[in-house]
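Encoded as structure tokens, the structure appears first; notes follow it.
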Amino acid sequence: MESVRTCLAKGNIWATSAQMIIVVAARASDDCDLSDRRSYSLFDCGLAIGQLQLRATELGMIAHPIAGYDPTRVKQALEIPEEYVVITLVICGYPGSDDSMLSEKQRTAEQERPVRKPEGENIFFDAWGRSSAD
């Protein structure tokens, strides 16, 4: 796991104290490709991670997917074959009170729920750009 920790971005230094880091990787040939050349394996992995997060929460843990890492270095460190794509890292552990590894911005974000976009900006009805009020 130490080899993966060294691939984390500076802003994710907090993840170095995690009990477990899950590397999620997939190869397109293990699933179908859609007509726009999009690999369905990405969706499947997303569903699996969502289920992992739900189960972790039931167990009193946190499973936090991150994008702040170097996927090329992760592949090299773990000798992941070239045809696989490293989709995300999931940082797993128990909540703690030591926030000394967090930046001020991260400490604030831990205390406040992020503002959600209103309906009509990213959720549409019947056609792109149409809200339920239209």
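Brief remarks on what is shown
- Taking the stretch 18-33 as the range and being β-branched (Val, Ile, Thr) and either touching a helix residue (DSSP H, G or I) at 6+ places or on another chain (Cβ under 7 Å) or at pLDDT below 95 (or both) as the test, the residues that pass are Ile21, Val23, Val24.
- Filter result (assigned to a helix (DSSP H, G or I) and either surrounded by 17 or more Cβ atoms within 10 Å (Cβ to Cβ) or in contact (Cβ under 8 Å) with a residue 12 or more places away in the chain (or both)) within the stretch 18-45: Ala28, Ser29, Ser41, Leu42, Asp44, Cys45
- Restricting attention to the stretch 56-80, the residues being assigned to a loop (DSSP other than H, G, I, E, B), in contact (Cβ under 8 Å) with a residue 40 or more places away in the chain and not β-branched (Val, Ile, Thr) number 2.
- The stretch 100-125, residues that are within 21 Å of Ala56 (Cβ to Cβ) and either among the aliphatic types (A, V, I, L, M) or touching a residue at least 24 places away in the same chain (Cβ under 8 Å) (or both): Met101, Leu102, Gln106, Ala109
- Considering the conditions (1) of a type outside the set (Lys, Arg); (2) touching an Asp or Glu at 6+ places or on another chain (Cβ under 8 Å); (3) under 30 Å from Leu8 (Cα atoms), Ser131 is excluded by exactly one of them, (3).
- Test: residue in the stretch 53-64 that is farther than 19 Å from Arg5 by Cβ, among the aliphatic types (A, V, I, L, M), surrounded by 14 or more Cβ atoms within 10 Å (Cβ to Cβ) and out of contact with any Gly (no Cβ under 8 Å at 6 or more places or on another chain): yes
- Being in a helix (DSSP H, G or I) and closer than 15 Å to Met20 by Cα is a property that Gln53 has.
Every residue, every condition in (1) in a loop (DSSP other than H, G, I, E, B); (2) more than 15 Å from Ala15 (Cβ to Cβ); (3) modelled with pLDDT under 75, yes or no:
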{"residue": "Ile91", "(1), (2), (3)": "no, no, no"}
{"residue": "Asp98", "(1), (2), (3)": "yes, no, yes"}
{"residue": "Val115", "(1), (2), (3)": "yes, yes, no"}
{"residue": "Phe124", "(1), (2), (3)": "yes, yes, no"}
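The values are calculated or read from the model by the stated rules, or taken from the named source; none is laboratory data. Source: prediction; values computed, not measured. We place every Cβ from the backbone using ideal geometry, glycine too, and count neighbours over all the protein chains shown.
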